[in-house]
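Worksheet for the structure shown next.
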């Protein structure tokens, strides 16, 4: 397989794990992501997370409030250069967050780095979703 095909497989794994996350299961995301202190994410909820612990915690918090949904990547573009690759596309789908149905349609950039022969996610960045930012989040803890 070409490096681009390998990244396409990693991407499919990320979106499968993301769909498990919106059903409350974050375990598969741990296999997809690099565990570096330099990984980052910028979710549609706004803000940014830096380092694997913060990225993992952000997905765990979302999973607690997401009783179901689905997301897919459309219009995928992949570019590979050495040990780094990026992917652009449009995430589409729907999910329920904090008891509100949210329709997803946002631009996304994902960055992967080859680690020990496998492509791992190191950055996930979507447009901010005004619908998600406006949600009244219950207090957790």
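So the values come out like this:
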| item | result |
| --- | --- |
| FRET efficiency for residue 57 and residue 77, using Cβ-Cβ distance with R0 set to 22 Å, rounded to 0.05 | 0.15 |
| Cβ-based exposure ranking for 86, 15, in which fewest neighbours within 10 Å come first | 86, 15 |
| Whole-number D in µm² s⁻¹ for the chain, Kirkwood Cα-pair radius fed into Stokes-Einstein, 37 °C, 0.692 mPa s | 216 |
| Degrees, to the nearest 10: 3-21 long Cα axis against longest axis of the chain | 20 |
| The chain: angle of helix 52-65 to the longest principal axis, Cα-based, in degrees nearest 10 | 40 |
| Spatial separation of Cα centroids for region 6-52 and region 58-108, in angstrom | 9 |
| Residue-averaged 222 nm ellipticity for the chain, from DSSP H runs of 4+ at -39500 (n - 2.57), nearest 500 | -9000 deg cm²/dmol |
| Among beta bridges that DSSP assigns inside the chain, antiparallel share in %, nearest 5 | 90 |
| Per-residue Cβ neighbour rank within 10 angstrom, fewest leading, 33, 119 | 33, 119 |
| Cα shape, region 43-110, gyration tensor, a/c 1.5 rule | oblate |
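Here, each number is a calculation from the coordinates, and none is a lab measurement. Fair warning: this is a prediction, and the values are worked out from it, not measured in the lab. FYI the Cβ positions are ideal-geometry reconstructions off the backbone, even for glycines, and counts take in every protein chain you see.
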